[in-house]
1. Are there any helices (runs of 4 or more DSSP H) wholly within segment 112-164 with 2 or more residues that are open to solvent by 60 Å² or more (accessible area, probe 1.4 Å) and away from the ligand (no atom under 11 Å from the Cβ), and if so which?
2. Could you go through segment 90-97 and let me know if any residue there is loosely packed, with under 12 Cβ neighbours inside 10 Å and of a type outside the set (Val, Ile, Thr).
3. Name the pairs whose Cβ atoms lie under 8 Å apart, with the first residue in segment 101-125 and closer than 23 Å to residue 188 by Cβ, the second among the small types (Gly, Ala, Ser) and part of a helix (DSSP H, G or I), and 6 or more positions between them or separate chains?
4. I need every pair where a residue in segment 126-142 that is closer than 15 Å to residue 55 by Cβ has its Cβ under 9 Å from the Cβ of a residue that is within 13 Å of the ligand (Cβ to nearest atom) and not in a helix (DSSP H, G or I), sequence separation at least 6 or different chains.
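The values are calculated or read from the model by the stated rules, or taken from the named source; none is laboratory data. These numbers were taken from a predicted model, which means no experiment stands behind them. So basically every Cβ, Gly included, is an ideal-geometry build from the backbone, and we count neighbours across all protein chains shown. To get the accessible areas, we keep the full protein, side chains included, count just its heavy atoms, and leave off ligands, DNA and RNA. Shrake-Rupley method; radii C 1.70, N 1.55, O 1.52, S 1.80 Å.
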Amino acid sequence: MLNLVLFGPPGAGKGTQSEKLIEKYGLVHLSTGDILRGEVSAQTELGKKAKALMDAGNLVPDEVVIGMINNKLESNPNAKGFIFDGFPRTSAQAEALDKLLAEKGTEINHMLALQVPDEELIKRLLLRGKDSGRADDANEEVIANRIKTYNEKTAPLITYYTNLGKYTAIEGVGTIDEIFDRLVAAIG
Ligand code: ADP
């Protein structure tokens, strides 16, 4: 199996590159942001609770997203591999993911971290907010909170994956194809 964590701050291009990676490697795409937005539009109980947190740029509780990922792993028993996009975002999530994969006799192969400067992230998110309909992209204060949350809670995972020998930094500025080529080279 090939299991990848595509890592990076909001607006780094994880969704765009995930689409290209799943096509090339035949992986199942697991985006916790997409799954949560699906719950919000279906107006489920979970979606109703998650919406306020997401709109403010705060994280949804670990148990909720870990449960969602567990369900998706269970419902794809024959997958060639998974690409985790927007997950894990906290140390508790990273530890839970390792445990879930170990139970299935597999593991994360690479954590690929897209590097993009803050000014560029803000520019990209505001641009996306113009037509994505995402409330969390439309407001500069919410964007700033998402970047702050990333720096406080998510960036520490770089150390976690470095210690496992799985971390690779990828320059996230350039054309979509240039960045994709860098990812493919890192996967090897
Ligand atoms: P971004 O563009 O900010 O990376 P995502 O689509 O990955 O956006 O996530 C949107 C929102 O969904 C986050 O700001 C957060 O509220 C929630 N979310 C997504 N993934 C997670 C996660 N792994 N843990 C907690 N909350 C999450």
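1. Values: elements: 118-132, 135-138, 140-149, 157-163.
It comes to 118-132, 140-149, 157-163.
2. No - not one qualifying residue is present in segment 90-97.
3. Listed by first residue and then by second, the contacts come to 110/186; 112/186.
4. Pairs that qualify, where the first residue is closer than 15 Å to residue 55 by Cβ and the partner is within 13 Å of the ligand (Cβ to nearest atom) and not in a helix (DSSP H, G or I), are 129/139; 136/10; 136/57; 137/10; 137/11; 139/57; 141/57; 142/57.
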